[in-house]
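The values are calculated or read from the model by the stated rules, or taken from the named source; none is laboratory data. Computed from a prediction, not measured in an experiment: that's the story for all the values here. Cβ coordinates were reconstructed from backbone atoms using ideal geometry, including for glycine residues, and neighbour counts include every protein chain displayed. Accessible surface is based on the protein model in full, side chains and every heavy atom, while ligands, DNA and RNA are left aside. Shrake-Rupley method; radii C 1.70, N 1.55, O 1.52, S 1.80 Å.
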Amino acid sequence: MQPLTNEQIRAVIARGKLKDTIFKGVGLFCLAIALLVIVALIADMFMKGSERFTLDFFINFASRRATQAGILSAWVGSLLVMLVTALAAVPLGVAAGLYLEEYAKRNWLTHVIEVNISNLAAVPSIVYGLLALGIFVYQFGFGQSILSAGLTLALLILPIIIVATREAIRAIPAMIREGSMAVGATRWQTCRYHIIPYAMPGILTGVIIGLARAIGETAPIITIGALTFIAFLPPVPFTGEPPAGLFDWVMSPFTVMPIQIFNWTSRPDPAFEVNAAAAGFVLMVMVLSMNAVAIYLRYKMRKNIKW
Amino acid sequence: MQIHDNPALKAEARNLNFYYGEAKALKNINMPIYDKKVTALIGPSGCGKSTYLRSFNRMHDLYPGNRYEGEIRFFPDNTNLLSPEVDPIEVRMRVGMVFQKPNPFPKSIYENVAYGLRVRGENNKRVLDDKVEHALKGGAIWDEVKDRLQDLASNLSGGQQQRLCIARALATDPELLLFDEPTSALDPIATAAIEELVHELKKRVTILIVTHNMQQAARVSDYTAYMFLGEMIEFGKTDEIFIKPQDKRTEDYITGRMG
Ligand SMILES: Nc1ncnc2c1ncn2[C@@H]1O[C@H](COP(=O)(O)OP(=O)(O)OP(=O)(O)O)[C@@H](O)[C@H]1O
Ligand SMILES: [Mg+2]
């Protein structure tokens, strides 16, 4: 074959570059569509709900009159349920991921467990709700409480945290693990001083993605029986009826943001639609700020971890 | 191989075989490691040098499916390092290792060196400070880092990182130190510094070093072993191996006709 002349080489490059340009255009277009949809949704809710963005809206309980109805019990409920969810799901998920990556022998049993964890992530959330209704609400007698809701959502996001933990651990080079073991460390010392800290940015990201998913879940929470109209807050630690303790609030009835929104959209009075839009916007802000925190933490922690 | 003025033995491989699953990577290796000497392992790529080296600190135990046969006797107490009754962690407390690519932990310089001591339960700040300084001096890197012990180790140059890894291994006073091509990722100047360090270290510790570089083996080692396809072809004093190898395959390799 004859070597290409300079002109021919340039023609080849030009053809390649044309494809570059085309793809750039197509990619940008797709990205713009996705972004536009999100921005439009948020803007729409913001405008529809704008007249409710007053302090009252955040510190008022539910009410029969739309203009006086607020989201106090909903956002407090959401935050408390998330707290329980995180406290339950993070230790369980991280321990399970760590075990699977660092301790488990590679055999058929581990394989079955792995496949099942992926399957768990695909189980419809309503099924978790049914499961929780049977186990937490009735069997364990936790009732229709923050505790039941938190544990239900913890089950729901457990697979997300396990997978995130495992992926973060797998990204740690083998030579770091070997370096630790080579000075005589045990598996646990290696996990405690190296694997867990270095995997932390990835784990945190998974946790927050999981929580962001959980905070918007409605179906399982309705299944276990969250209230839709509630005019009190869970007791502050040590203030309830004696003997008041630190954790009385976990047994309290509650509502959460998505349920409050759902409830308002199903009212006949159209004035409540304004409330629903405003609450939807607040919920979006909650989710987006969780994501922002995740990005910030990951950036900050990754900065010091270089191989 | 009758050499009369042999120094004391530090370790000895006896009929050592090693398997990665079904694949046999080491074939009936017998070899002495002399106390406070540098022994070099040479041989073409894939002949089993790393596999052999990593048997001395039971690194293969970290992965499933690996199997040893035979013994590595460790002196003066004559323990068999490969015995299932011997805890690999105990072995690694006595046998240190420096890897091919510098692998400092993403922590401070100080914490990198102190790690081996912390693992042994040492938490006294004075003791740690003392031993860290001593180890960094041993690794010939103290002067370069003494003013920035709290800096991240990953900010050091490659050669400095490798000397830090040596210091990390030295901090716990190993009896035997394993080096797996410690200079293959380094430039000539950093390499020279490590070679000089190895020379210095043999006053304190027995050294087993894998190298691809014939000149390096000749420069740093007292004894040399030539491996080929998982077998130990020839072992002897470095001068003798390089001047008049007994085996044709060794000769081919060191004269550059192979490998
Ligand atoms: N984890 C492993 N699983 C299976 N086989 C392996 C594994 N590691 C190494 N081997 C094989 O064992 C043999 C010896 O490998 P080893 O890494 O010990 O060679 P080496 O002499 O150190 O080579 P190099 O000079 O390239 O580092 C090779 O055939 C290699 O393919
Ligand atoms: Mg090797």
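Compared with the dominant principal axis of the Cα atoms in chain B, helix B:109-119 is inclined by about 70°. Average projection, convex hull of the Cα set of chain A: 26.1 square nanometres.
Per-residue 3J(HN,Hα) values for region A:271-287, derived from phi via the Karplus relation 6.51 cos²θ - 1.76 cosθ + 1.60 with θ = phi - 60°, read 4, 6, 4, 4, 4, 4, 4, 4, 5, x, 5, 4, 4, 4, 4, 4, 5 Hz in sequence order (x marks Gly and Pro). Computed over the protein assembly as shown, the convex hull of the alpha-carbon atoms projects to a mean area of 39.4 nm².
Averaged over the residues of A:15-26, the number of partner chain Cβ atoms lying within 10 Å of the residue Cβ comes to 0. Annotation: for a label point projected 7 angstrom from Cα along Cα→Cβ of B:Asp252, residues of region B:31-53 with backbone N closer than 12 Å are B:44. Helical content alone sets the calculated 222 nm signal of chain A at -22500 deg cm²/dmol, taking -39,500 (n - 2.57) per DSSP H segment of four or more residues and averaging over every residue. Relative to the longest principal axis of the Cα atoms of chain B, helix B:125-138 runs at roughly 50 degrees.
Counting Cβ atoms of other protein chains within 10 Å of each residue's Cβ and taking the mean over peptide A:170-182 gives 5. Stretching B:Ile243 away from B:Lys125 to a fully extended chain increases their span by 37.4 nm, per 0.36 nm per residue minus the current alpha-carbon distance. Between A:Leu55 and A:Tyr138, the contour length at 0.36 nm per residue exceeds the alpha carbon distance by 26.0 nm. Would you mind getting me the FRET efficiency between A:Ser266 and A:Ala43? Use the beta-carbon distance for r and R0 = 35 Å, nearest 0.05. Computed FRET efficiency for A:Ser266 and A:Ala43: 0.90.
The C-alpha atoms of chain A define a longest principal axis, and helix A:196-215 lies at about 50 degrees to it. Computed over protein heavy atoms with a 1.4 Å probe, the accessible surface of the protein assembly as shown works out to 49 Å² per residue. Of all DSSP bridge pairs formed entirely within the protein assembly as shown, close to 60 percent run antiparallel. The mean number of partner chain beta-carbon atoms within 10 angstrom of a residue's beta-carbon across peptide A:184-190 is 5. Too long at a 32 Å Cα-Cα cut-off: which of A:Lys303/B:Lys37; B:Lys131/B:Lys244; B:Lys37/B:Lys248; B:Lys10/B:Lys244; B:Lys107/B:Lys202? Flagged as over cut-off: A:Lys303/B:Lys37; B:Lys131/B:Lys244. Size descriptor for region A:151-296, Kirkwood hydrodynamic radius: 18.6 Å (Cα pairs only, one decimal). The residue list A:Ile126, B:Leu201, A:Met251 was ranked by how far each Cα lies along the charge dipole of the protein assembly as shown toward its positive end, using unit charges on Cβ atoms, and A:Ile126 comes out on top.
List the longest stretch of chain B that has no exposed loop site; here a site is one of the GluC sites (Glu not before Pro) assigned by DSSP to anything other than H, G, I, E or B, with at most 13 other Cβ within 10 Å. Longest site-free region, per DSSP loop and neighbour criteria: B:86-259. Gain on full extension, evaluated as 0.36 nm per residue between A:Leu36 and A:Gln68 minus their Cα-Cα distance, stands at 8.2 nm. Taking trypsin sites (Lys or Arg not before Pro) as exposed when DSSP calls them loop (any state but H, G, I, E, B) and at most 15 other Cβ atoms lie within 10 Å, what is the longest stretch of chain A free of them, the sites themselves excluded? Maximal segment without exposed cleavage sites: A:107-302. The dipole here belongs to chain A: it is taken about the Cα centre, uses +1 on the Cβ of Lys and Arg and -1 on the Cβ of Asp and Glu, and is about 1160 debye. Note on region B:9-254: percent of Cα-Cα distances in each 5 Å bin, starting at 0 and stopping at the bin with the largest distance, equals 1, 6, 14, 18, 19, 16, 13, 8, 4, 1, 0, 0. When you filter the chymotrypsin sites (Phe, Trp or Tyr not before Pro) in region A:124-167 for DSSP loop state and at most 16 other Cβ atoms inside 10 Å of their Cβ, you are left with A:Phe140.
Modelled label positions at A:Leu87 and A:Thr186, each set 7 Å beyond Cα in the direction of Cβ, lie 2.9 nm from each other. Mind running the shape call on region A:6-50? Use the C-alpha gyration tensor, a ≥ b ≥ c as the square roots of the eigenvalues: rounded below 1.5 for a/c, prolate if a/b tops b/c, oblate otherwise. Verdict is prolate for region A:6-50.
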